[in-house]
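Asker: Attaching a single structure in structure tokens format; questions to follow.
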Amino acid sequence: MKKLALIVAILCGAILIFATSEFPEWGDPKAPANLHVSPHYIKYSVKETGVPNIVTSVLADYRGFDTMFETTVIFCAGLSCFLLLRIFNEQTEEQGVYYRHMPTGIVIHFKRDDVDIRDKDFELIDSKLVPYDLIIKTVGRVMIPFIQIFGLYVIAHGDFSPGGGFQGGVILAASIILLAITFNLKTAISKINEKTLGVLSALGVFIYAGIGCLCLLLKGHFLDYGKLAKILPVGPIKARALGMLGVEIGVGIAVMAVMIIIYINIASEGKHHEGL
Amino acid sequence: MWILDLIILALIIVCAVGAITIKDLLGTAILLGAYSFMMCVLWAIMGAVDVAFTEASVGAGVSTVFFVAAIFRTTRRTRD
């Protein structure tokens with residue numbers, strides 16, 4: 001059976017490789033993909049939308065409907081991860097809590113779960129955690145603000161340079177995940193808790209769909225950002241650029257929240273007590 | 001320039017084949033991250049900078065972290 005599967009796989013691969021010889025040359029201006037709508041985008045997108053990055057104008061404006069449902073797919077991924085993995089009753093096999101006395105490095109194990117020390121010298125740690133490492137923590141603490149600023153830059157600057165909501169949102173989520181890895185999961189959750197994340201992931205999709213519905217209310221088509229000029233103090237071309245920025249911000253919020261939800265639920269098996 | 005393309009394509013194939021043959025799942029996750037990063041470099045060479053950026057952040061960054069987190073909670077060895 002395994003040999004048969006190997007033969008079928010090799011045959012399929014050979015046919016696929018053979019089929020690539022029929023492909024148009026890379027960058028061929030006469031390729032079918034470059035004849036239909038691409039010339040229009042290349043010639044007129046800057047004039048029509050006021051956004052220098054053609055990719056962003058295609059993704060967020062000409063093909064805005066598509067991107068909206070991509071954001072919805074991301075939202076659904078986070079939702080299903082939450083529904084499948086999250087465990088709410090925490091009575092199962094708790095082994096107490098661990099605290100580390102920072103000046104001496106001694107770890108104290110409390111058998112009860114309800115111990116809560118709020119002292120500067122004591123630090124809550126995970127039971128499986130590696131020893132205290134000053135370098136990792138300091139590097140994490142120094143890096144996180146810069147990563148977050150870079151994420152915000154990528155979202156806000158998506159109209160002019162490569163980047164946009166998806167990438168910026170992932171970078172913002174990466175900063176929180178770095179916090180969860182270098183410190184521990186509880187520190188990350190105390191900075192941005194579960195309820196906020198749920199609200200943010202829905203809010204991102206809502207911003208996107210809301211901008212689309214706003215265009216409907218202003219007697220345009222769905223996601224027809226040019227109609228936003230009626231309520232914004234700018235012309236219709238600038239309004240399209242601003243509409244794209246709003247949509248990108250929505251995508252960024254949704255992606256950031258969903259990535260953090262997925263990470264927290266996978267790393268802690270849905271218990272949210274300790275993770276990677 | 002085509003030598004660089006060839007080297008990167010060879011590395012991509014090595015990473016992809018390694019990712020499905022290695023028994024250690026943590027190594028597989030790292031190799032998949034390397035594979036994504038090589039794809040990112042290839043896309044950047046071809047001029048698709050937006051796609052390269054997405055691949056670098058989502059493929060090489062966050063999905064590797066997800067794999068490592070899943071391995072941390074399950075097992076590091078494959079059964080087959």
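The values are calculated or read from the model by the stated rules, or taken from the named source; none is laboratory data. This structure is a prediction, so every number in the text was calculated from the model and none was measured. We place every Cβ from the backbone using ideal geometry, glycine too, and count neighbours over all the protein chains shown.
Asker: Which residues, counting only those in region A:237-274, are surrounded by fewer than 23 Cβ atoms within 10 Å (Cβ to Cβ) and of a type in the set (Phe, Trp, Tyr)?
Answerer: Within region A:237-274, none qualify.
Asker: Within region A:207-229, count every residue that is loosely packed, with under 14 Cβ neighbours inside 10 Å and charged (D, E, K, R).
Answerer: Number of matching residues: 1.
Asker: Additional query: Here is a list: A:Leu242, A:Leu232, A:Leu228. Which entry is touching a helix residue (DSSP H, G or I) at 6+ places or on another chain (Cβ under 9 Å), under 18 Å from A:Pro52 (Cβ atoms), free of Cβ contacts under 8 Å to residues at least 40 places away in the same chain and hydrophobic (A, V, I, L, M, F, W, C)?
Answerer: Only one candidate qualifies: A:Leu242.
Asker: Related question: If you check B:Val14 against the conditions, is it without any contact (Cβ under 8 Å) to a residue 60 or more places away in the chain, of a type in the set (Val, Ile, Thr) and under 27 Å from A:Val255 (Cα atoms)?
Answerer: no
Asker: Further question: Scan region A:209-230 and give yes if some residue there is within 15 Å of the chain's Cα centre (by Cα) and more than 12 Å from chain B (Cβ to nearest Cβ), otherwise no.
Answerer: The answer is no; no qualifying residue exists.
Asker: Just name the residue that is nearest to A:Ile177 (Cα to Cα) out of those in region A:232-276 that are part of a loop (DSSP other than H, G, I, E, B), charged (D, E, K, R) and more than 10 Å from chain B (Cβ to nearest Cβ).
Answerer: Ranking the qualifying residues of region A:232-276, first place goes to A:Glu274.
Asker: Can you name every residue in region A:97-155 that is at pLDDT below 80 and within 22 Å of the chain's Cα centre (by Cα)?
Answerer: Hits for region A:97-155: nothing passes.
Asker: So, in region A:18-44, how many residues would count as being within 14 Å of chain B (Cβ to nearest Cβ) and within 21 Å of A:Ala229 (Cβ to Cβ)?
Answerer: 0
Asker: Enumerate the helices (runs of 4 or more DSSP H) found wholly within region A:123-202, keeping only those where 2 or more residues are within 14 Å of another protein chain (Cβ to nearest Cβ) and in contact with a Ser or Thr (Cβ under 8 Å, 6 or more places away or on another chain).
Answerer: Per the criteria, A:134-156, A:165-182.
Asker: Inspect all residues belonging to region B:5-15 and state whether any of them is within 27 Å of A:Asp28 (Cβ to Cβ), away from chain A (no Cβ under 12 Å) and in contact with a Phe, Trp or Tyr (Cβ under 7 Å, 6 or more places away or on another chain).
Answerer: yes
Asker: Something else now. What about A:His101, is it touching a strand residue (DSSP E or B) at 6+ places or on another chain (Cβ under 8 Å), free of Cβ contacts under 8 Å to residues at least 24 places away in the same chain and at negative phi?
Answerer: yes
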